[in-house]
Amino acid sequence: MLSAAAFFGGAPEAHASAPGRVNLLGEHTDYNDGFMLPVATPQRTEVALASSADGFFTLYSSTLDSSVRFARDSSAPPGFGRYLEGCIRMVEQEGITVPPLRVHVSTSLPVGAGLSSSAALEIAMLRALRILLGLPFDDVALARMAQRAEIHYAKVHCGIMDQMAASLADSTHMLFIDARTLAHRLTPLPPESELIVIDSGVPRTLAGSKYNERRSECDAAARQLGVASLRDVADPASVQALPPPLRERARHVVHENQRVLEALAGIDAVRFGQLMNDSHASLRDDYAVSIPALDFLSEMLRAQPGVYGARLTGAGFGGACVALCRRGMAAGAGRAALARFNDGGMQGSLLIPVPTDREDDR
Ligand code: GLA
């Protein structure tokens, strides 16, 4: 494993970092032009770069201890290099020449746990390129470029939430996002609350195929309701006229948007927790993206003293659950829920608060 200093043989020319995200409310709403409330993770991805004299792009991940090399007119193989190449190509599409580069990547984000390590990688890369080349793009423009990189190069047909969060969120507020206008603002967590996030350890195997299926179902539901997107459904009762499963999918999206707007108006932690529980039930029963492990994990979290509410976070089919807790009680609740979850034969792990050696020593 090479440090950035060893890789560059000195200091890089530019470096930047970006966080992952954990979404508190507003799941599967972004590609329906809707609303969401993610928080940045304390874990971040770092990218350092310098121009290269040999005419090649050389990309090294110290987390994976793996490197990728490609010429300007060729392509990176699938893997972390694809995301980085996607960002380079997006900058080039703006008419800007990117010189051959040496790029060093490292991350403290778990990969594949549903905290959007790919968006963190893309935004960190674009930030580093912005510094190196003095690019005129603001943080929203960076999020749009990162989303296009993900869609066209990593071939994941995602919405804009993860990239907006990696570009604009912080880890002590929620970032309200309107996916249609990209209007956004930081807003405080409910008073006297804090978060816990547990990875279920279950890989998100169906995430890709079912994600695309849900997107098409939402498009079909919007068409049948005669609206541009499900965000525009004025009367929630109108979705009842749709045939199954479009009715259930639309019902989730319409109510999930309402939950975000209610939370944004400013509510206490008890009500926020109820909305999270309702969101989980809706993702499980109407949107059908939960799995038994996530239902069980969120139940174990809800059963702990000091937990206001819990839900799966991210696309579903594996990954993590998030809980809103009374301030000072998240770590204890998380440890207790995790112990009960793993007693059932699972291999979950604590992601936030980030486990530290000191905590393990206690
Ligand atoms: C994934 C996608 C996001 C969003 C969520 C579900 O994380 O990348 O755009 O659709 O799923 O809310």
Yes/no for residue 68 being farther than 22 Å from residue 142 by Cβ, more than 16 Å from the ligand (Cβ to nearest atom), without any contact (Cβ under 8 Å) to a residue 60 or more places away in the chain and crowded, with 18+ Cβ neighbours inside 10 Å: yes
Single residue of 12, 42 found to be in a loop (DSSP other than H, G, I, E, B), surrounded by fewer than 24 Cβ atoms within 10 Å (Cβ to Cβ) and in the same structural domain as residue 101 (by TED's automatic domain parsing): 12
Candidates 150, 194 - the one that is buried (at least 17 other Cβ atoms within 10 Å of the Cβ) and either among the basic types (Lys, Arg) or within 14 Å of the ligand (Cβ to nearest atom) (or both): 150
Only listed residue being in a helix (DSSP H, G or I) and touching a strand residue (DSSP E or B) at 6+ places or on another chain (Cβ under 6 Å), chosen from 260, 254: 260
Some residue of the range 102-109 being touching a Lys or Arg at 6+ places or on another chain (Cβ under 8 Å) and surrounded by 19 or more Cβ atoms within 10 Å (Cβ to Cβ): yes
Residues of the range 307-340 satisfying the condition of being assigned to a helix (DSSP H, G or I), farther than 30 Å from residue 211 by Cα and charged (D, E, K, R): 335
Matching entry among 7, 57 (being assigned to a helix (DSSP H, G or I) and either at pLDDT 95 or above or surrounded by fewer than 24 Cβ atoms within 10 Å (Cβ to Cβ) (or both)): 7
Matching residues in the range 202-218 - criterion: being open to solvent by less than 40 Å² (accessible area, probe 1.4 Å) and either out of contact with any helix residue (DSSP H, G or I) (no Cβ under 9 Å at 6 or more places or on another chain) or within 30 Å of residue 340 (Cβ to Cβ) (or both): 202, 207, 211
Residue in the range 90-139 that is farthest from residue 352 (Cα to Cα), counting only those that are within 16 Å of the ligand (Cβ to nearest atom) and of a type in the set (A, V, I, L, M): 123
Residue list for the range 196-221, restricted to those being under 28 Å from residue 21 (Cα atoms) and of a type in the set (A, V, I, L, M): 196, 197, 198, 202, 206, 207
Residue match in the range 302-325 (condition: within 16 Å of the ligand (Cβ to nearest atom) and out of contact with any helix residue (DSSP H, G or I) (no Cβ under 9 Å at 6 or more places or on another chain)): yes
Any hit, the range 74-84, residues being open to solvent by less than 10 Å² (accessible area, probe 1.4 Å), part of a loop (DSSP other than H, G, I, E, B) and in contact with a strand residue (DSSP E or B) (Cβ under 7 Å, 6 or more places away or on another chain): yes
Considering residues of the range 17-39 that are open to solvent by less than 10 Å² (accessible area, probe 1.4 Å) and small (Gly, Ala, Ser) only, the residue nearest to the ligand (Cβ to nearest atom): 26
Qualifying residues in the range 326-337 (those that are out of contact with any helix residue (DSSP H, G or I) (no Cβ under 9 Å at 6 or more places or on another chain) and of a type in the set (A, V, I, L, M)) - the one surrounded by the most Cβ atoms within 10 Å (Cβ to Cβ): 330
Residue 86 over 25 Å from the mean Cα position of the chain (by Cα) and closer than 17 Å to residue 149 by Cβ: no
Single match in 232, 199 (criterion: touching a Ser or Thr at 6+ places or on another chain (Cβ under 7 Å) and either open to solvent by less than 60 Å² (accessible area, probe 1.4 Å) or of a type in the set (S, T, N, Q) (or both)): 199
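The values are calculated or read from the model by the stated rules, or taken from the named source; none is laboratory data. Remember, predicted model here, so these are calculated numbers, not experimental data. Here Cβ is always computed from backbone atoms with ideal geometry, including for glycine, and neighbour counts include all displayed protein chains. SASA here: full protein model, heavy atoms, side chains in, ligands and nucleic acids out. Shrake-Rupley method; radii C 1.70, N 1.55, O 1.52, S 1.80 Å.
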